[in-house]
Structures are given as C-alpha cells and as structure tokens.
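Please read the structure below before turning to the comments.
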Amino acid sequence: VLAVGKAAVPMAAAAESVLGALISSGHVLTKHGHSPQCVASAAAGSEQKRSSRAANSDSNASSVAELEAKQRALWLNRLSVSCAGHPVPDQLGVNGSQRILALVRQHAAPDTLVLLLLSGDCPFFSA
C-alpha cells in the first residue's frame, strides 16, 4: 500500500483496517502535521504542557481526549510514514518520494500494489 497526499493517512488507516495482514509493506507521504507519527516525537514536549493545562479544565480535558482518540485512530501499524512540505516541496518530501519509488521497484508480480492518491497532491511526490 502506497499513499500520497493530505488525506493519505486516513486513507491508509482505512486500508489497514480492511486489508490487515494482507499488507506486507508500504509507505505514506503526507503533509507536515497530518499524521500523529510525524508529529509524535516533535510534539512530545508540547503535549506534556497541553496535558498539564488540560488537567486544569474539564472542557480542555474533553477536547484533548477527543484529539488523542482521533490520533490513535490514525496511527498506522503496517505502513511507514513520511511528512513533506506542501505546497512547496522540501527534502523530507523528496526522501519520502524516494522511499515510495524504492517500494515500487521492489514490487513483484503477482502481488497487488495499492496506490491511494487524490488529485492535487502532486507537490508531495517530488523524487
């Protein structure tokens, strides 16, 4: 499974949900901030601050819990993830694009290759 674009993560999460163990490999390339896996390590410090602030307010705790539930639903278990600049491509996008091309080159028939792509997301793919 290969997915590219701003909606790549939810599409890939749906593919993982449906295909499960049938997925042998794959990669997702999405916009910075559109995947919990891209922001998980960078946001660890700020998440601790948000969590401590949220503990002081019931309404904030509710919205933080909702956000965390959404992020858990989008966490990919069988596919690797790269984030890229959009609309201006960056080096991380080039690296992610190269990863996708390497997986395409490794693809062997009769395996099925699933490509999840929306129109307008070409700036992500910049190898």
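The values are calculated or read from the model by the stated rules, or taken from the named source; none is laboratory data. On a predicted model such as this, the values are computed, not experimentally measured, just so you know. Ideal geometry is used to build each Cβ from the backbone, glycine not excepted, and the neighbour counts take in all protein chains shown. For accessibility, only protein heavy atoms count, side chains too; no ligands or nucleic acids. Shrake-Rupley method; radii C 1.70, N 1.55, O 1.52, S 1.80 Å.
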Next on the checklist: Being modelled with pLDDT under 65 and exposed (fewer than 11 other Cβ atoms within 10 Å of the Cβ) is the filter here; which residues of region 54-97 pass it?
Outcome noted: ASN56, ASP58, SER59
Next on the checklist: Just to verify a result, which residue in region 75-97, among those that are more than 14 Å from the chain's Cα centre (by Cα) and in a helix (DSSP H, G or I), is nearest to GLN37 (Cα to Cα)?
Outcome noted: ASN95
Checklist outcome for this item: Subset of region 98-112, residues open to solvent by less than 80 Å² (accessible area, probe 1.4 Å) and modelled with pLDDT of 90 or more, comes to ILE100, LEU101, ALA102, LEU103, VAL104
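Of all residues in region 8-28, how many are among the polar types (S, T, N, Q) and either part of a helix (DSSP H, G or I) or out of contact with any Leu (no Cβ under 8 Å at 6 or more places or on another chain) (or both)?
Our first condition is that a residue be among the polar types (S, T, N, Q); within region 8-28, this holds for 17, 24-25.
Next, from what is left, pick out any that are either part of a helix (DSSP H, G or I) or out of contact with any Leu (no Cβ under 8 Å at 6 or more places or on another chain) (or both): 17, 24.
Result for region 8-28: 2.
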Checklist entry - Is one or more of the residues making up region 32-51 at pLDDT below 85, open to solvent by 50 Å² or more (accessible area, probe 1.4 Å) and among the charged types (D, E, K, R)? => result yes
